[in-house]
Structure formats: C-alpha cells, structure tokens
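The values are calculated or read from the model by the stated rules, or taken from the named source; none is laboratory data. Here the structure is a predicted model, which means the values were calculated and not measured. Please note: Cβ atoms are built from the backbone with ideal geometry, for glycine as well, and neighbour counts cover all protein chains shown. Remember, those area values only see protein heavy atoms, side chains included, never the ligands or the DNA or RNA. Shrake-Rupley method; radii C 1.70, N 1.55, O 1.52, S 1.80 Å.
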Amino acid sequence: MERPKICVVGASNLDLISYVPRLPKMGETLHGDRFQMGFGGKGANQAVMAAKLGGDVAMVTKLGDDIFGRDTLQNFERVGIDISHVHITDQAFSGVAPIAVDADGNNSIIIVTGANDLLTEKEIEAARPAIAAAGIVVCQLEIPLPITMAALRIAREEDVTTIFNPAPARPDLPDELYRLSDIFCPNETETELLTGMPVSTLDEAEAAARSLLARGAGAVVLTLGERGALLVNEEGATHIPAEAVQALDTTGAGDAFVGSLAYFLALGKPMTDAIARANRIAAVSVQAAGTQSSFPTAADLPGDLFT
Ligand code: RIB
C-alpha cells in the first residue's frame, strides 16, 4: 500500500520539561520532581506523529547550527521524515521550550522560537514540490504568520487539502487565513481567544465553531481535551467523544491529534472516522511523559486503528 503523503510547515523546538507538584505562582521558586529533555515544536511534533503512524512526511522548518539543531535533524531522520526542506542557520539558536507539567498532567509552556523565525518565503516557495506532492499540508502559528500564509497559499494553488492549527493562540488572524484552511483545528483556549465566546458546554463550543466557520474555514475541528472533538461544517455539527484515560502529561496531545488527523485524512478516511482515530491516539499520548516521546508508533497501537 502506498504511504499517505503529508507536508508539515512549522516550528521545531527542544523541549526542556520540568515535572512539578503544581505550576509556580509569579515570583515563586519551586522544587521540581523530575526533568526531561526531548524533541518538540508544534510542527515537528505533528510531522513526527504522522511519520510514526506510517506517513510519508516532508518537514519544512529551520534549525540553529547548534547541538539542539543537529539532534533534531537526526531525530527527523530516525523517524524517516524527508529533511530536504529542513534548513540550518547560524544566525539564531534552535527554538527551545521550557515547560512545566503539574501533577495532573497540565502544562505551561514558554517558547523561544529562535531559528524558526528565520524561515523565509523563498524557502517556502522552494518547498512547493513537496507541498504539491502531499495529500495534506499542515501549518500552525509557531513560525511567522506571513510564512504560514505563504505555505497555505501554495497548498491552495496546488489544490492540496490544508489543516491549519492556530497554535499558539493569537487573536488577530486575517480572514484570508480562515479561507485558506480546509480544516481549521483549534483547541478550547484558542477558540475562546479567537471568538471571545465560551466553550464550556457542547452547545457553546458549537456556536463558537460556527463563528470560525463563518470567517471562511471549510470545516472546524475543535479539540475539547478529554471531551474529544467537535466537527462543525456546512452539513452540521458532530461530537466525537474520547475515551476516558488517566493523564500523566498532556504536553503535545494536541499535536498528536493533528498529526494523526493529517495521516488518516491523507489515507482517505472520512472526516469523522479520522477524528475518532486521532482522538484515540491523542489519548494514548497523554498517558506517557514527554512530547514526541509520548507518541506511539503504529506497532504500539491496536490493529483496528489501521483497518
Ligand atoms: O504543543 C506542544 C509543543 O508546544 C511543545 O513541543 C513545545 O515545543 C511547544 O511548541
């Protein structure tokens, strides 16, 4: 069977994760219980998730010419990602993300995007063949907005389906970005910030998703954490619940979902089916520590996920 092709344009970070009893208050110094370093960055995470499931993934990103950048490059190679469009710069350090995870698995993240900010429109244009060859193109907001927009425009010109994950959240997104998103995939916090509407109940979440749809997105897949995800498109609204699990570390769970969704859609699965599968994989990821280290490979997962 041919492997589904996915192209991810986005950031790579080195995650520096401290496990703490609770998140610190302003001005407070806390003792952590444990530290873990691992590969992260929303784009890289989504690419690695899709590759671990068996996708043929091309990554477009920029790394610093430093130890973190070199290790990240090796990590991409190890999981079989096409690195033809992974650029290296000596003008900035690789992106880093100091992360605190509390006893309930909740996190707070600082990102210092560094080299990710230096990705250029010319480099995105050079990646046009990789974008055009993909079944799905995935973008987020951890690289400069004009670069994300350039990638989505190329995908639209090449008639490739786009998933846009508006993370990390920022309120001022241009309407064109919605129109370029075949699938607009925010989480609860991002939705509240973008719409100014609450998402506490499913009815509220649907109303907020409808307002995002009205801005021009083809479909909205609103991730709801342990409540699963809500698909809202012109045909209506469908809630796809997630199974209840004990979360150890939720860092990167949204990326596990987006990478899995990209994989299953590129494989040709219908939308609600792809979402249900992505829910299951995100649920697996929250039960292990770390970001990419918590992402399962196809071999770790029940066979019915791939039938
Ligand atoms: O979504 C989780 C990711 O956010 C982490 O890997 C961190 O690098 C930040 O980008």
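For first residues located in the stretch 18-33 and over 20 Å from T291 (Cβ atoms) and touching a residue at least 12 places away in the same chain (Cβ under 8 Å), partners that are surrounded by 12 or more Cβ atoms within 10 Å (Cβ to Cβ) and of a type in the set (D, E) and lie 6+ apart or on another chain with Cβ distances below 8 Å form the pairs P21/D102; R22/D102.
Whether any residue in the stretch 195-209 is among the small types (G, A, S) and at pLDDT below 95 is what I want to check.
From the stretch 195-209, those among the small types (G, A, S) are 196, 200, 205, 207-209; that's our starting set.
Still in the running and at pLDDT below 95: none.
No, there is no match, as no residue in the stretch 195-209 is among the small types (G, A, S) and at pLDDT below 95.
Considering the stretch 270-290, and only residues there that are more than 17 Å from P302 (Cα to Cα) and modelled with pLDDT of 95 or more, the residue that is farthest from the ligand (Cβ to nearest atom) turns out to be P270.
Among the residues in the stretch 103-110, are any away from the ligand (no atom under 16 Å from the Cβ), small (G, A, S) and either open to solvent by 50 Å² or more (accessible area, probe 1.4 Å) or farther than 16 Å from N13 by Cα (or both)? Checked against the condition, which is being away from the ligand (no atom under 16 Å from the Cβ), small (G, A, S) and either open to solvent by 50 Å² or more (accessible area, probe 1.4 Å) or farther than 16 Å from N13 by Cα (or both), the stretch 103-110 yields at least one hit.
Does L230 satisfy the condition of being under 30 Å from T307 (Cβ atoms) and surrounded by 18 or more Cβ atoms within 10 Å (Cβ to Cβ)?
On the way: under 30 Å from T307 (Cβ atoms): yes; surrounded by 18 or more Cβ atoms within 10 Å (Cβ to Cβ): yes.
When the stated conditions are applied, L230 passes them.
Close contacts from the stretch 165-180, counting a first residue that is within 16 Å of the ligand (Cβ to nearest atom) and a second that is in a loop (DSSP other than H, G, I, E, B) and of a type in the set (A, V, I, L, M), with Cβ to Cβ under 7 Å and a gap of 6+ residues or different chains, come to P166/L141; P166/L173; A167/L141; P168/I111; P168/L141; R170/L141.
Residues that are buried (at least 21 other Cβ atoms within 10 Å of the Cβ), within 11 Å of the ligand (Cβ to nearest atom) and hydroxyl-bearing (S, T, Y): find the strands (runs of 3 or more DSSP E) completely inside the stretch 1-101 holding 2 or more of those.
Values: elements: 5-9, 13-19, 34-40, 56-64, 82-89, 95-101.
Hits in the stretch 1-101: none.
Output the number of the condition that R179 fails; it satisfies all remaining conditions of (1) open to solvent by 70 Å² or more (accessible area, probe 1.4 Å); (2) more than 20 Å from V258 (Cα to Cα). Among (1) open to solvent by 70 Å² or more (accessible area, probe 1.4 Å); (2) more than 20 Å from V258 (Cα to Cα), R179 violates only (2). Scanning the stretch 243-250 for residues that are assigned to a helix (DSSP H, G or I) and either within 16 Å of the ligand (Cβ to nearest atom) or modelled with pLDDT of 95 or more (or both) turns up nothing.
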